[in-house]
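The values are calculated or read from the model by the stated rules, or taken from the named source; none is laboratory data. A quick note: this is a predicted structure, and the numbers were derived from the prediction, not measured. Reconstructed Cβ throughout: ideal geometry from the backbone, glycine too, with neighbour counts over all protein chains shown. Heads up: the accessible areas ignore ligands, DNA and RNA and are worked out on the full protein's heavy atoms, side chains in. Shrake-Rupley method; radii C 1.70, N 1.55, O 1.52, S 1.80 Å.
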Amino acid sequence: AASQINIAGPKTVENDEQNLLVANLNLVAGIRSMELSDFISALSFLDNGISFLRKGHWKEHYDLSLKLFEAASKCALVIGDHDILRLLSEQIQTFGRTFEDKLNSVYYQCVTLMHTSQFEESGNLALSVLAKLGEEIPEESCSQTDTINQIEETKAMLEGYTDEELLNYMPLVDHHKVMAMKFYGRCEVIFHMIKPWVLPIITLKMVQLSISQGMNPLSQV
């Protein structure tokens, strides 16, 4: 249905209500395509959905706009279209109302910078976001003593837990901490390239966060 309407284009709808209906229809079609790992089709649906939004949509239909642009950004990242991702990210960073609303977009930017071999820029962006999320990494003064202290702190947090208890540990649900884990996971890759001496601290921070806040798919890292 979305494909047929998209062929006709935005000029065929008669009012704002129809615009919203078609934009939502393309959002659903885009998400279903993503679930089927067809990110090229998904991006096409989401792009069409954006085209049906009318002027002032960020103000009048903020939630729908954010969902369309965020999903389209993820698709652009997966298929490696960095130009489209940049344009979509600029919109989210300009019109996003909260730091949390912009987090996924910033994460996609961080990954894109890494994929284009801009490791220093990607690392700095990741660290700046982690700092805003309340997570600090002593990247410049990471001595052997600092690392040993972090190891001892982590061992103390893990003391007393059995493997069975860890396998059935509570899940991580706090969105900010989930995003912190994602940025930590990205740092695992980035700093392997540019500052390998920081890697032990990052790994230990991920373990500590998992124990204090809950397990996450990235906890296995």
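Key figures for this structure:
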| quantity | calculated |
| --- | --- |
| Condition met for Ser122 (of a type in the set (Gly, Ala, Ser), under 26 Å from Leu85 (Cα atoms) and either in contact (Cβ under 8 Å) with a residue 24 or more places away in the chain or open to solvent by 60 Å² or more (accessible area, probe 1.4 Å) (or both)) | yes |
| Helices (runs of 4 or more DSSP H) enclosed by region 1-102 - at least 3 residues per element that are in contact with a helix residue (DSSP H, G or I) (Cβ under 9 Å, 6 or more places away or on another chain) and among the polar types (S, T, N, Q) | 16-35, 39-51, 82-95 |
| Verdict on Asp47 being touching a Lys or Arg at 6+ places or on another chain (Cβ under 8 Å) and not small (Gly, Ala, Ser) | no |
| Flag if Leu127 is hydrophobic (A, V, I, L, M, F, W, C), open to solvent by less than 60 Å² (accessible area, probe 1.4 Å), out of contact with any strand residue (DSSP E or B) (no Cβ under 7 Å at 6 or more places or on another chain) and closer than 23 Å to Val189 by Cα | yes |
| Residue satisfying all of: in region 146-190; modelled with pLDDT of 90 or more and polar (S, T, N, Q); nearest to Lys132 (Cα to Cα) among these | Thr154 |
| Total residues in region 29-52, condition open to solvent by 70 Å² or more (accessible area, probe 1.4 Å), at negative phi and either free of Cβ contacts under 8 Å to residues at least 24 places away in the same chain or of a type in the set (Ser, Thr, Tyr) (or both) | 3 |
| Residue satisfying condition, being assigned to a helix (DSSP H, G or I), in contact (Cβ under 8 Å) with a residue 12 or more places away in the chain and either open to solvent by 40 Å² or more (accessible area, probe 1.4 Å) or within 19 Å of Ser117 (Cα to Cα) (or both), within set Met179, Met206, Met193 | Met193 |
| Residues located in region 111-133, provided they are in contact with a helix residue (DSSP H, G or I) (Cβ under 8 Å, 6 or more places away or on another chain) and either assigned to a loop (DSSP other than H, G, I, E, B) or of a type in the set (Gly, Ala, Ser) (or both) | Thr116, Ser122, Gly123, Ala126, Leu133 |
